[in-house]
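Novice: One structure is given below, represented as structure tokens, and several questions about it will come after.
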Amino acid sequence: MDLVLKGGLVVTAERVEEADVAVKDGKIAAVGPDLPPEGAEVRDVTGRYLFPGVIDAHVHYWMAIGDLVTADDWFTGTRLAACGGVTTVIDYAEPASPAEPLTASLERRLKEAGEQACVDYGLHQVVLPGHEDDERELAAVVARGVPSFKVFTTYNQRLSLDAIGRLLEKARRLGALVTVHCEDHGIITARKEELIAAGKTDPAYHALSRPETAEVKAIRDVIALAGKAGASVYIVHVSTGGGAAAIAAARGEGRPVYGETCPHYLLLTAEKYAGPEGRLYLMCPPLRTAGDNEELWRHLAAGSLQVVATDHCSYTPRQKNAGTAFYNTPSGVPGTETLLPLLYSFGVRSGRLTLPQMVKVLATNPARLFGLYPRKGDLAPGSDADIVVFNPRKEVVLTAAHLHSAAGYTIFEGFPLQGYPEATYLRGRLIYEGGRFLGRAGDGCFIPGRR
Ligand code: URP
Ligand code: ZN
Ligand code: ZN
Ligand code: ZN
């Protein structure tokens, strides 16, 4: 053995048990009571939880829109991930234009990540209009270890519903999972034009410009398309109780429909947009109501939503404040580093989720859905030794000064936490401990997904 973690409480999707964890050659070798140290390094983790490394299945590092590039690149993004107990991130490969082949965009993105990533990573392949019919390219992407596609129902990259339907059919044949940003383009375009005509362009109007009905309609449309194609589908960043209910209804009929939400949709409301710092909270879809927060928690606990990821897409206050209206303010917020501590304090401690449910939505379910399981998402013999040592008694008031994002701010400033990651191991190597990052750029590996 190389390392034995002694005396902790091991938490998996199935159970919480008092057990030691032994690591050899970067893999978990054994989990059980009183494992012999046999010359290995021993770490006393009495009173600590051991979680599988968290998987943030929705991040945007070094994402460029025109001249605007996100504050966190692959290095700072994965460094802050390590500091939050996240050992695998799944980002996106997006063609620079519809003329760039999918596989070329994928290789470009893999090269960037390979040089800079400090934790392991996978990718989702963004499919732009026209690519949905190129089955050879889609098959090549899947063969390369990227078994999930991403499409949008709005933005410039949007696909028509017809095109999404054709992609769903190909994805079914290829065994890939189509993930969809769901906001109805017609509804939000009409609403935006009304607000502009009324002179209501301040970021305070952001939530009104993208109403709940837009999300719910797009989710229903996409679920119907998946049904026609006989395909599974995954809805990213569900922000409304109505959207979650549509997913729950399809699942109630036994359909393979999956949903993801984010900490900000569980914990914040659209009232944030009214304040002077409103731009800093601007993301799409927007924040909603306290009622939506509670409905999303309920659907998570019930299993109708399977994943919590962050949609980490960070800009500095300077970049955000360059926006003059809701429609030209850079959209997106930082989140990876606070994912686990927020879910623990406001999910587990508040009694909304059990410990195994939290591990499911943060690690086991994303690993299964994106074909990384059982290498990732579990603490079991043979899995990668990606381990979070979590101190449930550590009290922290969240503040940007202690976080590691190049954004320089957090939308959860001042949130009181009880429980915080104390150490993070990536394939058996200590990459974070007690506030200090100990990893290195380039140490992260691409983990091919196989569904
Ligand atoms: O506002 C957001 N969420 N920006 C990132 C891109 C996306 O839609 O997920
Ligand atoms: Zn999106
Ligand atoms: Zn996103
Ligand atoms: Zn590597």
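Novice: Provide the per-residue ³J(HN,Hα) series for the range 30-37, in order, calculated from phi with Karplus coefficients 6.51, -1.76, 1.60 and θ = phi - 60°, each as a whole number of Hz, with x at glycine and proline positions.
Specialist: Each residue of the range 30-37 in turn: 7, 10, x, x, 6, 5, x, x Hz.
Novice: Would you kindly derive the ³J(HN,Hα) couplings of the range 41-47 from the backbone phi angles with the Karplus curve 6.51 cos²θ - 1.76 cosθ + 1.60 (θ = phi - 60°), listing them in order in whole Hz, with x for Gly and Pro?
Specialist: Once rounded to whole Hz, the list reads 5, 10, 10, 7, 10, 4, x.
Novice: Also, quick follow-up: How far apart, in nm, are two points set 7 Å out from the Cα along the Cα-to-Cβ line at Glu38 and at Ala140?
Specialist: 4.6 nm
Novice: Another question, then. Mind grabbing the accessible area of Val119 for me, 1.4 Å probe, Å², rounded to tens?
Specialist: Taking all protein chains as shown, Val119 has close to 0 Å².
Novice: How far apart, in nm, are the 7 Å Cα→Cβ label points at Glu17 and Val397?
Specialist: That separation, rounded to one decimal, is 4.1 nm.
Novice: Please give the length that would be gained between Glu193 and Arg436 if that part of the chain were fully extended, namely 0.36 nm times their separation in residues minus their C-alpha to C-alpha distance (nm, one decimal).
Specialist: On the way: separation 243, 0.36 × 243 = 87.48 nm, distance 4.79 nm.
That works out to 82.7 nm of additional length.
Novice: Separate question: Hey, what angle do you get for helix 102-116 against the long axis of the chain, alpha-carbon based, 0 to 90 degrees rounded to 10?
Specialist: Result, in degrees: 40.
Novice: Compute the long axis of helix 185-197 from its Cα atoms, compare it with the longest principal axis of the Cα atoms of the chain, and write down the angle in degrees, 0 to 90, nearest 10.
Specialist: For helix 185-197, the angle is close to 70 degrees.
Novice: Calculate the tail of P(r) for the chain: the fraction of all Cα-Cα distances greater than 34 Å, expressed in %. Mind showing how you got there, number by number?
Specialist: On the way: 28365 of 101475 pairs.
For the chain, the fraction of Cα-Cα distances above 34 Å is 28 percent.
Novice: Continuing with this model, one more query. What FRET efficiency comes out for the pair Ser160/Arg318, r = Cβ-Cβ distance, R0 = 41 Å, nearest 0.05?
Specialist: 0.65
Novice: Under the rule of -39500 (n - 2.57) per DSSP H run of 4 or more residues, summed and divided by the residues of the chain, what mean residue ellipticity at 222 nm is obtained, to the nearest 500 deg cm²/dmol?
Specialist: Details: 14 runs with 132 residues, N = 451.
Calculated from helices alone, the mean residue ellipticity at 222 nm is -8500 deg cm²/dmol.
Novice: Under the Karplus relation 6.51 cos²θ - 1.76 cosθ + 1.60, θ = phi - 60°, what is the ordered set of whole-Hz ³J(HN,Hα) values for the range 137-151, x standing for Gly and Pro?
Specialist: In residue order, the calculated couplings are 5, 4, 5, 5, 5, 4, 5, 7, x, 10, x, 9, 10, 10, 9 Hz.
Novice: Something else now. Give the cross-link partners of Lys217 among the lysines, using a straight C-alpha distance below 26 Å as the criterion and excluding same-chain residues fewer than 8 apart.
Specialist: By straight Cα distance, Lys217 reaches Lys150, Lys170, Lys192, Lys200, Lys228, Lys272.
Novice: A further question follows. What whole number of Å gives the distance from the Cα centroid of the range 149-178 to the Cα centroid of the range 1-58?
Specialist: 40 Å
Novice: Oh, and also: Starting from the Cα of Lys27, draw a straight line to each of the lysines and keep only those under 27 Å, dropping any in the same chain fewer than 8 residues away.
Specialist: Result set, ordered by chain and number: Lys6, Lys111, Lys360, Lys376.
Novice: Given the whole protein assembly as supplied and a 1.4 Å probe, what does the accessible area of Met63 come to in Å², nearest 10?
Specialist: Only protein atoms counted, so the area is about 40 Å².
Novice: Quantify, in whole percent, the carbon and sulfur part of the accessible surface of the chain (1.4 Å probe; protein heavy atoms only). Mind dumping the intermediate values first?
Specialist: On the way: 8340 of 16350 Å².
Result for the chain: 51 percent of the exposed heavy-atom area is carbon or sulfur.
Novice: If the chain between Glu253 and Ala104 were fully stretched, how many nm would it gain, using 0.36 nm times the residue separation less the Cα-Cα distance? Walk me through the numbers on the way to the answer.
Specialist: Details: separation 149, 0.36 × 149 = 53.64 nm, distance 3.91 nm.
So the extension gain works out to 49.7 nm.
Novice: Here is a follow-up. Around Lys394, which amide H atoms from residues at least 5 apart in sequence, or from another chain, sit under 5 Å from its own amide H, with H modelled in the peptide plane?
Specialist: Gly419, Tyr420
Novice: Give me the one-decimal nm value for the distance between modelled label points at Arg349 and Asp133, 7 Å along each residue's Cα-to-Cβ direction.
Specialist: 5.5 nm
Novice: In degrees from 0 to 90, rounded to the nearest 10, what is the angle of the helix 290-302 Cα long axis to the longest principal axis of the chain?
Specialist: 50 degrees
Novice: Non-local amide H neighbours of His124 (under 5 Å, H modeled in plane, Pro and chain starts lacking H): which ones?
Specialist: Asp91, Tyr92, Ala93
Novice: Turning to a different aspect of this structure: Please list the non-local residues whose amide H lies under 5 Å from the amide H of Leu305, H modeled 1.01 Å from N, same-chain partners needing a gap of 5 or more.
Specialist: The list, which skips near neighbours in sequence, is Leu300.
Novice: What does the charge count near Glu132 come to, summing +1 for each Lys or Arg and -1 for each Asp or Glu among other residues with Cβ under 11 Å from its Cβ? Could the numbers behind the result be given before it?
Specialist: Numbers: positive: Arg166, Lys170; negative: Asp133, Asp134, Glu135, Glu137, Asp162, Glu169.
Result for the local shell: -4.
Novice: Also, I was wondering about something else. Debye sum, Cα scatterers, the range 394-433, no solvent: what log₁₀ I/I(0) at q = 0.14, 0.24 1/Å?
Specialist: For the requested q values the scattering log ratios are -0.40, -0.87.
The values are calculated or read from the model by the stated rules, or taken from the named source; none is laboratory data. Being a predicted model, the structure only gives us computed values, none of them experimental. Virtual Cβ from ideal backbone geometry, glycine too; neighbours counted across all protein chains shown. Remember, those area values only see protein heavy atoms, side chains included, never the ligands or the DNA or RNA. Shrake-Rupley method; radii C 1.70, N 1.55, O 1.52, S 1.80 Å.
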